[in-house]
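Notes to accompany the following structure.
The values are calculated or read from the model by the stated rules, or taken from the named source; none is laboratory data. Model, not experiment: these values are computed from the prediction. Cβ atoms come from the backbone with ideal geometry, glycine included; neighbour counts cover every protein chain shown.
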Amino acid sequence: MPTPTDRQRTVHERRQGARLQGLDAVSYRLLGWWKSRNKHLRDLQAAASRIDQARLQFSELKDGVLNERLIEMRVRRKACPAEVDATLEDGLALLAVAAERELGLAPYRVQLMTAAALARGFLTEVDTGEGKTLALALTAAYQAWSGKPCHVLTANDYLAARDAEQLEAFYQRVGLSVGRVLGDSSEPDRRRGYSRSVTYTTAKEAAADYLRDRLRLQGLEESGARLALAQMTGAGQLPHGEPVQRGLYFALVDEADNALIDEAVTPLIISRILPTGELENACAATWEVAAKMVRGEDYEVNHSRKAIEIEPEISEQFAANIRVSQSPLWTSLTRRAELLKLALEAREFFQRDVQYVVEEGKVIIVDEATGRPMPMRTWRQGLHQMIEAKEGVTLSGASETLARISFQSFFCKYQNLAGASGTVSEVAAEIWRTYDLPTLAIPRHLPSQKQVLGWRFYPTLNAKNEAIAVETKARQARGQPILIGLRSVETSESLAAHLASKGVTCHVLNARRHREEAMTIMQAGHRSRITIATNMAGRGTDIRLESGVLEVGGLHVIASEPHESARVDRQLFGRAARQGNPGSVLAIYSIEDPLFVRYLPRIILRVWRQILSGNRSLGASPLGEMMGRTLLWFAQLRAQNRAAKSRRQVMKGEVEISKGLGFGKQGTRRKQG
């Protein structure tokens, strides 16, 4: 039977201190700058040189001798897990040789630099296409040699499944096992995936399983002795079931800025669906009334604040028409007015094929960051039911919150956290303040051959689509494959229809067609092939080019909708010219794109439209590009400031909730020795 210490290891997490305030916070920011200085980069470059020299020596070993050295190193690492300096360089060199023999991939020095930085607890900025996947695998194997579980957190299920499958032979060669946990994994599959030495999953799945485990444990995770006693008194089992995870020791976050920053706005919530009751009937009745209201007469829409503005007397007038039979909960006029406002928000700010899709009579949320459908997610506080009423599908039951956690709090619970991304420098200061992660920029292996062809701006969506059609035909005639990036299902389908009307055949990847993802990505690098994709083809996606494509210029990427974050735009551009190969990128935007409509003042939009409409060639000229890029920068700055404010509010809300509950352990992650 496991000892109390053994039981405690299975639910291990880092205890967190209070957030720093005042001068302490200022001093801590200076410490972050100090830890990110160039001296660390020079030290890593020297370490990478030594690792590479050792790799060359170990590569001459026969397989039997290499296996013996791997076993010896694994034993040393497990015996002294805290003494990284004693085993890191030789350990990574041996792992590099194993990767070369099993995968046919010999790590470059920049990949060895990245692996060494990750093992020392840095967040690394590695340019897109520079081989983060192999560097993460080397580090994961090194950390898993300690005998403690290592979680590699990828941007989506597709990448988690791909990496776990492609790297399995490498992990087996170095004496480790690898598993995966995906969105559709059953509980037995999850338990099996987390039982492996290295587990590939997403941050959402890891955080959700953490919450489910805490619900199972019901507070017993605070003491190994209580855990052991509960198992003894429960005939060998915990009263509410065994946890699926084995503790939060090592986390390596791929596309780290997406997980640590972009996904941090929304807290993760575990809930259960309640039987259909009063809320669903009230939502259906309210939607009938809201559908009769006229924008501009009965209410106004504030796009910049994403808010409905309605006069109290008008709100009460329409709310009085909401009839919910035998429902004392909604007898209050104020409650019905709140529900009416929710219905208007569902009408104005949540659009089909943008924020959600409807499949088989169900409303399915689309993750705006990844473009993927999230069938297990629902909106809270009646919003999901209101959108179901809007779409005329069967209303689901309301949900009851059982547990919640912000992604900031979850990541801070890992004993050792590190990550890599191609776009992290812009948010390095915030990541240091929140997660204690200093950032280092890793140099490229080869000079970039990416051709940046500029930014073009057009007054209308139709003019933009025409420009895309002309550009696409020209590139296709040269034999180049083209990837066109958009933000929503609706706009991707609309552009595909427009190109089809011009006689251009294209292939679409979005939340409606997610089952075709693997095949679409596999063929996106073929000659003259046109692929239209949402963010599903963004982060982490490696488009392999077929023979002859490099000779005609490589992959050509067209960005046709700007994102709130310039980092996401850079990720799309990063699909081209990977690993020193040729490629080209071009941005073609419209004033009517959502970013500009929401974040630019109306007067600026009106003047900008008049300027471009009066001179149609200006949008593609140097002067028009300079003007457009300035306004693009301003709109994205406003969007990112608002997003940063939302992340601060999420963290503060988490702290307040923990105070109210009396047992929370939230705060900023503080490293200990």
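The set of residues in segment 128-145 that are in contact with a Phe, Trp or Tyr (Cβ under 8 Å, 6 or more places away or on another chain) and either outside any loop (DSSP other than H, G, I, E, B) or under 24 Å from Gly247 (Cα atoms) (or both) comprises Ala137, Ala140, Ala141, Gln143, Ala144.
Every condition in (1) surrounded by 19 or more Cβ atoms within 10 Å (Cβ to Cβ); (2) charged (D, E, K, R); (3) assigned to a loop (DSSP other than H, G, I, E, B) holds for Arg444 except the one numbered (1). If I filter segment 148-159 for residues that are over 21 Å from the mean Cα position of the chain (by Cα) and buried (at least 19 other Cβ atoms within 10 Å of the Cβ), do I get at least one hit? Yes, that holds for at least one residue.
Within the span defined as segment 83-103, every residue fails to be under 25 Å from Val244 (Cα atoms), under 28 Å from the mean Cα position of the chain (by Cα) and assigned by TED's automatic domain parsing to the domain that holds Tyr414. Each residue in segment 500-520 was checked for being in a helix (DSSP H, G or I) and in contact (Cβ under 8 Å) with a residue 40 or more places away in the chain, and 5 of them qualify. The set of residues from segment 327-353 being at pLDDT below 90, buried (at least 18 other Cβ atoms within 10 Å of the Cβ) and part of a loop (DSSP other than H, G, I, E, B) comprises just one member, Asp353. The residues listed here are Arg74, Arg37; of these, the one that is surrounded by 12 or more Cβ atoms within 10 Å (Cβ to Cβ) and either in the same structural domain as Thr124 (by TED's automatic domain parsing) or modelled with pLDDT under 95 (or both) is Arg74. Counting only strands (runs of 3 or more DSSP E) that sit completely within segment 523-592, those holding 3 or more residues that are under 20 Å from His445 (Cα atoms) correspond to 582-590.
Results for (1) modelled with pLDDT of 90 or more; (2) surrounded by fewer than 22 Cβ atoms within 10 Å (Cβ to Cβ); (3) farther than 30 Å from Ala496 by Cβ, shown as yes or no for each residue.
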residue	(1), (2), (3)
Asn416	yes, yes, yes
Thr423	no, no, no
Ala429	no, yes, yes
Ser448	no, yes, yes
Gly454	yes, yes, no
Tyr458	yes, no, no
Leu461	yes, yes, no
Ala469	yes, yes, no
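Residues of segment 471-491 that are among the hydroxyl-bearing types (Ser, Thr, Tyr) and at pLDDT below 90: Ser488 alone.
So, Ala307, is that one out of contact with any strand residue (DSSP E or B) (no Cβ under 6 Å at 6 or more places or on another chain), modelled with pLDDT of 75 or more and farther than 21 Å from Arg602 by Cα or not?
Values: out of contact with any strand residue (DSSP E or B) (no Cβ under 6 Å at 6 or more places or on another chain): yes; modelled with pLDDT of 75 or more: yes; farther than 21 Å from Arg602 by Cα: no.
No; evaluated as a whole, the condition is false for this residue.
Name the single residue that is farthest from Ala511 (Cα to Cα) among those in segment 365-376 being surrounded by fewer than 17 Cβ atoms within 10 Å (Cβ to Cβ) and touching a strand residue (DSSP E or B) at 6+ places or on another chain (Cβ under 7 Å). Filtering first and then ranking leaves Pro375.
Which one of Ala577, Ala587, Ala620 is assigned by TED's automatic domain parsing to the domain that holds Ala496, crowded, with 16+ Cβ neighbours inside 10 Å, at positive phi and not aromatic (Phe, Trp, Tyr)? The unique qualifying residue is Ala577.
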